[in-house]
Amino acid sequence: MKIAVIGTGYVGLVTGTCFAEVGIDVTCIDIDQKKIDNLHQGILPIYEPGLEEMVTRNVEKGRLHFSTDLTEAIKDCDVAFIAVGTPPGEDGSADLKYVLAVARGIGEHMSSYGVIVTKSTVPVGTAAKVRAEIEKALAKRGTDASAIEFDVASNPEFLKEGAAIDDFLKPDRIVVGIASDRAEEVMRRLYKPFLLNGHPIIFMDIPSAEMTKYAANAMLATKISFMNDVANLCEIMGADVNMVRRGIGSDARIGTKFIYPGIGYGGSCFPKDVKALIKTAQENGYDMQVLRAVEGVNENQKSVLFNKLSQHFGGELRGLKIAVWGLSFKPKTDDMREAPSLVIIEKLLAAGCIVMAYDPVAMPEARHSLGDTITYAKDEFEALIDADALLVVTEWPDFRAPNFEVVGRLMKQKNIFDGRNIYDASELKDIGFVYHCIGIKTDHKEPARA
Ligand SMILES: NC(=O)c1ccc[n+]([C@@H]2O[C@H](COP(=O)([O-])OP(=O)(O)OC[C@H]3O[C@@H](n4cnc5c(N)ncnc54)[C@H](O)[C@@H]3O)[C@@H](O)[C@H]2O)c1
């Protein structure tokens with residue numbers, strides 16, 4: 001089989017590489033010339049564990065190609081995946097201009113039957129728009145071209161950044177929206193290598209597949225905001241959210257996953273997808289009340305760590321040196337889109353703090369938005385030197401069990417504000433730290449000094 005993947009970002013590059021890994025001939029297309037030039041030299045545009053080796057291997061095997069030219073890639077290809085961004089427009093709805101531009105390009109160059117698949121997260125009705133755009137472009141080319149048959153399909157992607165390769169190669173499920181038996185047969189054949197271990201492929205109509213992706217992300221965002229709400233109340237009432245989490249998670253109907261409190265969800269998906277679903281509903285005369293609350297809770301939650309810090313220092317933050325551990329929106333990625341760290345750092349800077357941050361991979365990406373407003377440390381320990389407080393923002397494995405003896409020695413004041421609940425409150429208290437986390441009242445009266 002021969003496929004094209006258009007859009008070589010987090011989703012497109014992983015998708016293309018994983019299809020190449022099982023022996024399929026793949027061309028990854030991007031409009032960004034620099035990205036493609038770099039890929040030709042083995043330089044990846046993103047950090048994703050294991051991806052670099054996999055790209056190199058498949059390029060060497062001659063199965064994975066990169067280009068900015070859609071013309072050749074789309075000719076005679078069996079399946080073309082649209083994997084470009086769908087960022088939020090000003091009103092919160094998904095901006096489809098990149099998706100539709102690609103659809104036009106496909107119509108301008110396709111030469112035989114193929115299945116055109118939206119892998120980007122797109123609202124219900126987008127596949128129909130993609131079909132219309134392709135038909136228009138084919139018609140412009142004349143009668144021969146307008147006779148070319150094609151199918152559209154929706155195949156939303158559920159990979160998680162940081163675990164994307166595993167998620168793609170061993171998916172919990174593959175969802176495919178189709179409108180013809182022919183498209184179903186092509187998609188079944190394409191995904192067969194990923195289904196050998198019994199992972200299910202779920203075929204459905206196209207609107208349901210488009211909605212499935214939004215419903216999944218909205219549900220996950222809801223779990224996070226719900227748990228953050230519970231955590232905040234636990235703190236007020238003197239309950240321990242970690243205990244509550246374990247208590248409720250043991251109920252099989254609730255489950256243990258995605259019920260960890262923190263400092264709010266971020267990333268390129270949850271914030272924009274929740275917004276887009278609220279907007280789709282509004283446009284169709286329906287009010288997604290739960291999701292509006294989910295968004296509201298999330299916005300507040302991004303300030304929780306800063307508020308704790310401010311309260312601890314009685315609002316006197318000017319001139320304090322604050323160490324920040326973790327910048328990416330979650331561990332094992334360099335993705336800074338909508339990262340809670342950005343909100344926290346903006347607040348710290350506005351309050352007159354001096355910020356020194358460390359992140360194992362996201363610092364180059366963070367520089368794009370933060371520039372030189374903060375200092376970037378060479379490792380987590382350098383960030384602590386003379387710090388008045390440490391804020392744990394992203395729970396990278398590197399931060400989970402630091403040598404607290406060294407931590408305490410480097411800091412000016414032994415204050416830790418843990419936005420991810422990764423440390424043990426009593427252990428830290430015993431060794432002289434003031435420790436604040438999410439959803440547990442840690443009752444320290446006196447800030448300890450190193
Ligand atoms: N990142 C994730 O974890 C994730 C997971 C599931 C679904 N999604 C969805 O997948 C889609 C892509 O997300 P992403 O994070 O990979 O985005 P991204 O921004 O990392 O990548 C998009 C790429 O598309 C390219 N592009 C834009 N217009 C183009 C065109 N006309 N022709 C060729 N290339 C073009 C851009 O240059 C960019 O490299 C979005 O709809 C997103 O919601 C993302």
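The values are calculated or read from the model by the stated rules, or taken from the named source; none is laboratory data. Keep in mind it's a predicted model, so treat the numbers as computed, not measured. Cβ placement follows ideal geometry from the backbone for every residue including glycine, while neighbour counts extend to all protein chains displayed. In case anyone asks, the SASA skips ligands and DNA or RNA and just uses the protein heavy atoms, side chains included. Shrake-Rupley method; radii C 1.70, N 1.55, O 1.52, S 1.80 Å.
Descriptive notes on the structure:
- Computed from point charges on the beta carbon alone (+1 for Lys and Arg, -1 for Asp and Glu), the dipole magnitude for the range 204-313 about its Cα centre is near 280 Debye.
- Fraction of antiparallel bridges per DSSP, the range 240-436 only, in percent to nearest 5: 0
- Shape call, the range 336-382: gyration tensor on alpha carbons, a/c limit 1.5: oblate
- Distance from the alpha carbon centroid of the range 149-184 to that of the range 361-416 works out to 39 angstrom.
- With the highest mean first, a sort of the peptides 22-31, 286-295 on other beta-carbon atoms found within 10 angstrom per residue produces 22-31, 286-295.
- From phi via Karplus (6.51, -1.76, 1.60), per-residue ³J(HN,Hα) for the range 367-372 in Hz, x at Gly/Pro: 4, 4, 9, 9, x, 9
- Counting DSSP beta bridges with both ends in the chain, the antiparallel % (nearest 5): 5
- Heavy atoms of THR222 accessible to a 1.4 Å probe, total area in Å² rounded to 10: 40
- Shape call, the range 223-326: gyration tensor on alpha carbons, a/c limit 1.5: oblate
- Solvent-accessible surface of the range 2-204, taken per residue with a 1.4 Å probe and all protein chains present: 43 Å².
- Here the dipole of the chain is about 460 debye; that uses its Cα centre as origin and unit charges on the Cβ of Lys and Arg (positive) and Asp and Glu (negative).
- Accessible-area order (highest first, 1.4 angstrom probe) of the listed residues PHE381, PHE417: PHE381, PHE417
- Overall form of the range 2-204 per C-alpha gyration tensor (a/c, 1.5; a/b vs b/c): rounded
- Amide H contacts under 5 Å for VAL175, placed H, 5+ residues apart: ILE202
- Placed amide H near SER111: partners under 5 Å, 5+ positions off or other chain: ASP76, CYS77
- With a Förster radius of 25 Å applied to the C-beta separation of LYS34 and LYS75, the computed FRET efficiency comes to 0.50.
- Between helix 270-283 and the chain: long-axis angle, C-alpha atoms, 0 to 90°, nearest 10: 60
- Accessible carbon and sulfur surface of the range 1-105 relative to its total accessible area, %, 1.4 Å: 49
- Heavy atoms of LYS414 accessible to a 1.4 Å probe, total area in Å² rounded to 10: 40
- Whole-angstrom gap from the range 11-88 to the range 247-290, using each part's C-alpha centre: 31
- Relative to the dominant Cα principal axis of the chain, helix 340-350 is inclined by about 50°.
- Taking the longest Cα principal axis of the chain as reference, the axis of helix 51-60 is set at about 30 degrees.
- With DNA, RNA and ligands ignored, accessible area of HIS368 (1.4 Å probe; Å², nearest 10): 150
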